[in-house]
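Peer 1: My structure is below; once you've seen it, I'll send some questions.
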Amino acid sequence: MQINGKQYRSVWFEQGRLIMIDQNKIPYEFGLKEYSTYLEVAAAIREMTVRGAPAIGAAGAFGMALAALAAPDQKFRAYLRSARDELISTRPTAVDLSIGVQYVYESALKFIPDLPHARQVAVLAANEFANKSADDCLKLGRIGAELIQDGARILTHCNAGALATVDHGTALSVIREAHKLGKNIFVYVDETRPRFQGARLTAFELEQEGIPHAIITDSAAGFYFWKEQIDLVITGADRICLNGDIANKIGTYEKAVLAHVHEVPFYVAAPDSTFDLACAKGKDIPIEIRDEDEIKRINGSYLANPGSPALNPAFDITPAKYITGIITPKGVFTPQEAAQRMQS
Ligand code: MRU
């Protein structure tokens, strides 16, 4: 992705350290953070310094690589097992995290008892996972761009951009590639309460690349559907089940229902690592519940009645019946057919 005229990935490994863009600071500041232990990486995922399903998948994979580099010889297997469990426990909904962590864990274990080799393989496997994730996102962006008509007005929710992935994005990869093809597009950016990933991160990415857009409050989408000013919706996903149900940022479901009522296509864009072939249906997806303070306070100051409790589910489920198509690196499929096609 381009930031201030320079190319970045959101997450990468360099000289035995993990480097990540600090997503909690954007757009007010741009800074990088460095990590040399898996526990630091786990804390960064919890605090959402890195967030977005494919980005936390790659961060988790590199966290496992750091664990393999640090694991004592006598306790190699047990150390890796606790690192794996700790990293996976940080955020429950995005399946990319457990897929990335498990991939590096299993790759390293295959080379026991040759521990120097196992450590090297862990780093190689994490890089391979991250590179594939970035390639998948570019591929799906190029495929999805064909769906976008010149003049399209697109609604997106949360940040499904390069920041949420290793690079390129999911929904925003489609939007970027359509823009690169010279299509004249306009993007409505849901602000995405309570952490404002849309207003802060998606708006930042679109501005950096000169893509026309405007931020709207989460509750304004219905108004623009009613005015017939939205031609399609594209979001990312945190987990896609066998029956085509998906989990994504809280508020996605209501946008899908609105799109259905207004007969507007609703697309989900996702790389291979977002498919959970062990998950039969949306009801099986664990939903992360975050701290009520995210709703009640901003920068430490209350904006809600301090004495009232608040409920803060971070994701919701959009049933397959409201999804027009899933844009994947292998093509665009109906939600019912997408998971099967990802296995072939
Ligand atoms: O809580 P977040 O910011 O990690 O949630 C991110 C989303 O919901 C994205 O839409 C999703 O990860 C898919 S984007 C690549």
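Peer 1: Carbon-plus-sulfur fraction of the accessible area of segment 142-343, 1.4 Å probe, in percent? Walk me through the intermediate numbers first.
Peer 2: On the way: 4240 of 8180 Å².
Carbon and sulfur atoms account for 52 percent of the accessible area of segment 142-343.
Peer 1: Here's another thing I want to ask about it. Spit out the partnerless Cys residues in the chain, using Cβ distances under 4.7 Å as the pairing rule.
Peer 2: So, Cys137, Cys158.
Peer 1: Run the simple label-point estimate for Gln343 and Lys6 please: 7 Å along Cα→C-beta, distance reported in nm.
Peer 2: If labels sit at Gln343 and Lys6, their model points lie 4.5 nm apart.
Peer 1: Once a ≥ b ≥ c are taken as the square roots of the eigenvalues of the Cα gyration tensor of segment 142-343, is the result rounded (a/c under 1.5), prolate (a/b larger than b/c) or oblate (a/b not larger than b/c)?
Peer 2: On the way: a/c = 1.63, a/b = 1.17, b/c = 1.39.
In terms of gyration-tensor shape, oblate.
Peer 1: Same structure, new question: Apply the membrane-span-like helix rule to the chain: whole DSSP H runs, Cα extent along the own long axis of at least 20 Å, mean Kyte-Doolittle hydropathy at least -1.0. List the helices found.
Peer 2: On the way: long enough: 53-70 (26 Å, 1.68); 95-109 (21 Å, 0.76); 115-145 (45 Å, 0.06).
Span-like helices in the chain: 53-70, 95-109, 115-145.
Peer 1: Considering the options Val50, Val233, Leu115, tell which one lies farthest towards the positive end of the dipole of the chain, charges being +1 on Lys and Arg and -1 on Asp and Glu at the Cβ, about the Cα centre.
Peer 2: Checked the options; the winner is Leu115.
Peer 1: Name the long-range amide H neighbours of Ile298: under 5 Å, sequence gap of 5 or more, or other chain; modelled H, no Pro or chain starts.
Peer 2: Under 5 Å from the amide H of Ile298 lie the amide H atoms of Leu303, each far enough along the sequence or on another chain.
Peer 1: Restricting to segment 142-343, compute how many DSSP beta bridges are antiparallel as a %, nearest 5.
Peer 2: Values: 12 of 29 bridges.
So the antiparallel bridges in segment 142-343 amount to around 40 percent.
Peer 1: Going down the list Lys33/Lys321; Lys110/Lys180; Lys180/Lys330; Lys180/Lys255, which pairs span over 31 Å between their C-alpha atoms? Don't skip to the end; give the middle numbers.
Peer 2: Numbers: Lys33/Lys321 41 Å; Lys110/Lys180 43 Å; Lys180/Lys330 21 Å; Lys180/Lys255 26 Å.
Correct reply: Lys33/Lys321; Lys110/Lys180.
Peer 1: Something else about it: Which value does Rg/Rh take for the chain over its C-alpha atoms, Rh per Kirkwood? Show your work: numbers first, answer last.
Peer 2: On the way: Rg = 19.5 Å, Rh = 20.2 Å.
Radius of gyration over Kirkwood radius for the chain works out to 0.97.
Peer 1: Continuing with this model, one more query. Let me know the longest stretch in the chain that avoids all GluC sites (Glu not before Pro) found in a DSSP loop with at most 13 other C-beta atoms within 10 Å.
Peer 2: Values: sites that count: Glu29, Glu47, Glu146, Glu228, Glu263.
Here the longest segment lacking exposed loop sites spans 48-145.
Peer 1: Looking at the chain, send over the antiparallel percent of its DSSP beta bridges, to the nearest 5.
Peer 2: For the chain, the DSSP antiparallel bridge percentage is about 55.
Peer 1: Let me see the P(r) profile for segment 2-138: every Cα-Cα distance counted, bins of 10 Å, each bin given as a percent of all pairs.
Peer 2: 13, 47, 31, 8, 1
Peer 1: Could I ask something else about it? Please state the relative contact order of segment 92-223 as a whole percent: Cα pairs under 8 Å, 6+ residues apart? Spell out each step's value before the answer.
Peer 2: Values: 190 pairs, mean separation 25.1, N = 132.
Reported as a whole number, the value is 19 percent.
Peer 1: Calculate the dipole size of the chain relative to its Cα centre from +1 charges on Lys and Arg beta carbons and -1 charges on Asp and Glu beta carbons; express the result in debye to the nearest 20.
Peer 2: On the way: 36 positive and 41 negative charges, 57 e Å.
Computed about the Cα centre, the dipole is about 280 debye.
Peer 1: Mean separation of Cα pairs under 8 Å and 6+ residues apart, divided by the residue count of segment 2-138: what relative contact order is that in percent?
Peer 2: Working: 201 pairs, mean separation 30.1, N = 137.
The normalised contact order for segment 2-138 reaches 22 percent.
Peer 1: Looking at the square roots a ≥ b ≥ c of the eigenvalues of the Cα gyration tensor of segment 84-148, which shape do they give, rounded for a/c under 1.5, prolate if a/b is larger than b/c, or oblate? Write down the numbers at each step before the final one.
Peer 2: Values: a/c = 4.51, a/b = 1.78, b/c = 2.53.
It is oblate, given that a/c is not under 1.5 and a/b is not larger than b/c.
Peer 1: Then there is this: What whole-number value in Å² describes the accessible area per residue of segment 142-343 for a 1.4 Å probe? Mind dumping the intermediate values first?
Peer 2: Working: 8180 Å² over 202 residues.
Ligands and nucleic acids excluded, the result is 41 Å² per residue.
Peer 1: Here's a follow-up. Given a cut-off of under 8 Å on Cα pairs at least six residues apart, what relative contact order in percent is computed for the chain?
Peer 2: Averaging sequence separation for qualifying contacts and normalising by length gives 16 percent for the chain.
The values are calculated or read from the model by the stated rules, or taken from the named source; none is laboratory data. Predicted model, so just to flag it, every value in this text is computed and none were measured. Heads up, the Cβs are rebuilt from the backbone with ideal geometry, glycines too, and the neighbour counts pull from every protein chain shown. What goes into the accessible areas is simple: the full protein's heavy atoms, side chains included, and nothing from ligands, DNA or RNA. Shrake-Rupley method; radii C 1.70, N 1.55, O 1.52, S 1.80 Å.
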